[in-house]
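What follows draws every value from the coordinates through simple rules; no lab data is involved. Only a predicted model underlies this, so the values are computations on that prediction, with no experimental measurement involved. Don't worry about glycine lacking a Cβ; one is built from the backbone with ideal geometry, like all the others, and counts go over all protein chains shown.
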Amino acid sequence: MKPQIIIEDHKGHHNGSDFAKRLENAKLYKDSSTICVVPTRGEIPAKVVQNWLGLMTPMNQKFTRIFMIGLEVGEAYSQVVDAILADKELSKWKYMLTLEEDNMVPPDGLIKLIANIGDYDAIGGLYWTKGEDGQPMCYGRPDVAPLNFIPQIPEPGTLTPCNGLGMGFTLFKIASLKKMQEKYGSPLFKTVQVYEPGKGSQAYTQDLWHFQRGREMGLKYACDSRVLVGHYDFTNDRVW
């Protein structure tokens, strides 16, 4: 320890700072109860599990995990949302966090999503499709008509409004899911790949099928490039 001349100061570092603004920005003194839902085929790579063990959850807030094993992914999400909204206790929680078995997340990722969600109905961390030509999971500009899901480049270090997201690490407001269910019923997530003579083919992953309906009823979404998420390729042992 270096020699010091002591002048009394008992107020402490945080009392001498703009603590009210800091705590308001963090949002952790508001209800941050979170249900983390994980669709899985039943086996999750060890490297992914090791990463998840470091995920921080809001201090002194409710947090739980629900695993959906062996279901088609759209069916898994739809069933778990139905169960949450039908449950007397869980339906009152604030957020649902989707976490998929090949995504690796920053330790403070959930904390940042909660702090940054604001008036959005859902925001997701930034991750990319696998492969050398990977694209960011940030689809469609809300200020461009008609409604579309053309991939867009997220702005670095901030929120980028969009029409759709992936669901590898995405935070949803449960109240917004409830509004969607009241308007559309179930399912809220559905994988579609059909062909109708005279109408052509339709193909939607469960995420964009959901987000299209949300955007049609005026819900707002964004990609948060402050939360950088890896996409793990188990076969080649590489994180994209």
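Cα centroid distance between region 118-146 and region 54-109, in Å?
20 Å
Against the 2.2 N^0.38 Å scaling, with N counting residues, where does region 1-144 land? I'd like the Cα-based Rg ratio to two decimal places.
Numbers: Rg = 20.1 Å, N = 144, 2.2 N^0.38 = 14.5 Å.
The value comes to 1.38.
Local charge sum around Leu219 (other residues, Cβ-Cβ under 11 Å, Lys/Arg +1, Asp/Glu -1)? Let's see the in-between values first.
On the way: positive: Lys173, Lys179, Lys183, Arg213, Arg215, Lys220; negative: Asp119, Asp121, Glu216.
That works out to +3.
With respect to the cross-link table entries Lys173/Lys220; Lys30/Lys178; Lys30/Lys62, which display a Cα-Cα separation exceeding 18 Å? If you can, show how the numbers build up before the last one.
On the way: Lys173/Lys220 11 Å; Lys30/Lys178 20 Å; Lys30/Lys62 12 Å.
The pairs that break the limit, which is 18 Å between Cα atoms, are Lys30/Lys178.
Can you tell me what share of the DSSP beta bridges in the chain is antiparallel? A percent to the nearest 5 is fine.
Antiparallel bridges make up about 60 percent of those DSSP assigns within the chain.
In square nanometres, what is the average projected area of the Cα convex hull of the chain? Intermediate results must be reported in sequence, preceding the final value.
Details: hull surface 73.9 nm².
If you wrap the Cα atoms of the chain in a convex hull and average its projections, you get 18.5 nm².
Using only helices, what value at 222 nm comes out for the chain when you add -39,500 (n - 2.57) per DSSP H run of length 4 or more and divide by the total residues, to the nearest 500 deg cm²/dmol? Spell out each step's value before the answer.
Working: 6 runs with 59 residues, N = 240.
Taken over the chain, the calculation gives -7000 deg cm²/dmol.
For region 68-177, I need the span (max minus min coordinate) of the C-alpha atoms along each principal axis, in Å, sorted largest to smallest.
Result, largest extent first: 41, 34, 32 Å.
R0 = 41 Å: FRET efficiency of Ala46 with Gln181, Cβ-based, nearest 0.05?
Computed FRET efficiency for Ala46 and Gln181: 0.65.
Can you report the principal axis dimensions of region 115-240 using only the alpha carbons, biggest first, rounded to whole angstrom?
The Cα atoms of region 115-240 stretch 40, 38, 27 Å along the principal axes, largest first.
Using DSSP to call loops (not H, G, I, E or B), can you name the GluC sites (Glu not before Pro) in region 98-203 whose Cβ has at most 15 other Cβ atoms within 10 angstrom?
On the way: sites: Glu100, Glu101, Glu132, Glu182; in loops: Glu100, Glu101, Glu132.
For GluC sites (Glu not before Pro) across region 98-203 that sit outside H, G, I, E and B with at most 15 neighbouring Cβ atoms in 10 Å, the list reads Glu132.
Between Asp133 and Asn148, what is the label-point separation in nm under the 7 Å Cα-to-beta-carbon projection?
That separation, rounded to one decimal, is 1.9 nm.
Along Cα→Cβ, 7 Å out, is where each label goes; now give me the distance between the ones at Leu53 and Lys30 in nm to one decimal.
So the label points at Leu53 and Lys30 sit 3.4 nm apart.
Grab the other residues whose beta carbon is less than 11 angstrom from that of Ile44, score K and R as +1, D and E as -1, and report the net. Write out the running numbers ahead of the final one.
On the way: positive: Arg41, Lys47; negative: Glu43, Glu100, Glu101, Asp102.
Here the count lands on -2.
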